[in-house]
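*Asks:* One structure, as structure tokens, below. Some questions next.
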Amino acid sequence: MIWDLFLTFFRIGFISFGGGYTVIPMIQHKVVSHGWMTNAEFQQAVSLAGMAPGPIATNAVTLIGYDTAGITGAIAACAGIVLPSLIVVIVLSAFFFPFQHNPTIKSVFYGLRPVITGLIAYAAIHFGGFDKPGAYTWMTGFTLLICAGCLWLLVKYKWHPLTVIAAAGVAGIVFL
């Protein structure tokens, strides 16, 4: 079990990149298909991981590893998700530096942006509940209004993100 946790998260960590929310759909697929958690349990784990400081993907897999195989599972899962990035960054940095201004390399990275954006959008849709039957209710309308209001406050009035988060929390309590 420990080796399976390590290898599963090592593979995910090796083939994925971007922010934590881009990795969450891949982690969910593997965790649920292995039978380590149900979809509901996984969503709770991600919610809990999002409340803790640090990278959400690392927090989530550490929690999944702990839930699956105790402290040893947590260590194996955490090492599995973190080691690929560490290895790749160390190896590639030695080769990338001379080519950092190459137009082809810049184009490749520019082309990857839509993929990362799509994965983040999927995570937002899935964890926001918009993919469930009957999700488009009055609550969803208020949620979208709160989201639009937050974006407006950030862009137009340049509010500090912490102030916007607090305002969104208050709006959620009042309206939802």
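*Asks:* Starting at the first residue of the range 77-87, write each ³J(HN,Hα) from the Karplus equation 6.51 cos²θ - 1.76 cosθ + 1.60 with θ = phi - 60°, in whole Hz, x for Gly and Pro.
*Replies:* Running phi through 6.51 cos²θ - 1.76 cosθ + 1.60 with θ = phi - 60° gives 5, 5, 4, x, 7, 8, 4, x, 4, 4, 5 Hz.
*Asks:* Please sort 88-95, 28-35 by packing, taking for each peptide the average over its residues of neighbouring beta carbons within 10 angstrom, highest first. Don't skip to the end; give the middle numbers.
*Replies:* On the way: 88-95: 9.9, 28-35: 15.0.
Ranked by mean Cβ neighbours within 10 Å, highest first: 28-35, 88-95.
*Asks:* Let me ask you something else. Taking the Cα centre as origin and putting +1 on Lys and Arg beta-carbons and -1 on Asp and Glu beta-carbons, what dipole magnitude results for the chain, to the nearest 20 debye?
*Replies:* Dipole magnitude for the chain comes out near 520 debye.
*Asks:* Sticking with this one: Counting only protein heavy atoms and a 1.4 Å probe, tell me what percentage of the chain's accessible area is made up of carbon and sulfur.
*Replies:* On the way: 8440 of 11350 Å².
It is 74 percent, rounded to a whole number.
*Asks:* Over the chain, what relative contact order in percent results from Cα pairs under 8 Å that are six or more residues apart?
*Replies:* 22
*Asks:* Per DSSP helix of 4 or more residues, -39500 (n - 2.57); summed, then divided by the residues of the chain. What does that give at 222 nm, rounded to the nearest 500?
*Replies:* -27500 deg cm²/dmol
*Asks:* Let me ask something else about it. If you take log10 I(q)/I(0) by the Debye sum over Cα atoms at q = 0.13, 0.14, 0.18 Å⁻¹ from the coordinates, which of (1) -0.61, -0.72, -1.30; (2) -0.72, -0.81, -1.15; (3) -0.83, -0.93, -1.20 do you get?
*Replies:* (3)
*Asks:* Considering the chain as a Gaussian network with a 10 Å cut-off on Cα pairs, which listed residue, Thr62, Thr72, Thr22, attains the greatest mean-square fluctuation?
*Replies:* Maximum among the listed residues: Thr72.
*Asks:* What does the extension gain come out to for Ala148 and Val115, with contour length at 0.36 nm per residue minus their alpha carbon separation? Display every interim value, and only then the final one.
*Replies:* On the way: separation 33, 0.36 × 33 = 11.88 nm, distance 2.32 nm.
Contour length minus Cα-Cα distance gives 9.6 nm.
*Asks:* Hey, another quick one. Measuring with a 1.4 Å probe in the full set of protein chains, what accessible area per residue, in whole Å², belongs to the range 21-176? Write down the numbers at each step before the final one.
*Replies:* Details: 10150 Å² over 156 residues.
About 65 Å² of surface per residue is accessible.
*Asks:* Go ahead and set up a Gaussian network model of the chain, Cα springs under 10 Å, then flag whichever of Gly50, Gly70, Gly149 fluctuates most.
*Replies:* Highest fluctuation of the listed residues: Gly149.
*Asks:* For the chain, set up a GNM with springs between Cα atoms under 10 Å and report which of Phe99, Phe14, Phe42 has the largest fluctuation.
*Replies:* Result for the chain, Cα springs under 10 Å: Phe99 fluctuates most.
*Asks:* What FRET efficiency, computed as 1/(1 + (r/R0)^6) with R0 = 30 Å and r the Cβ-Cβ distance, is obtained for Thr104 and Phe14, rounded to the nearest 0.05?
*Replies:* Working: r = 23 Å, r/R0 = 0.77.
After rounding, the FRET efficiency stands at 0.80.
*Asks:* At q = 0.11, 0.12, 0.20, 0.22 Å⁻¹, what log₁₀ I(q)/I(0) does the range 23-126 have when each alpha carbon counts as one equal point scatterer in the Debye sum?
*Replies:* -0.45, -0.53, -1.06, -1.17
The values are calculated or read from the model by the stated rules, or taken from the named source; none is laboratory data. Please read these numbers as outputs of a predicted model, since none were measured by experiment. Here Cβ is always computed from backbone atoms with ideal geometry, including for glycine, and neighbour counts include all displayed protein chains. Note: areas computed on protein heavy atoms with side chains; ligands, DNA, RNA excluded. Shrake-Rupley method; radii C 1.70, N 1.55, O 1.52, S 1.80 Å.
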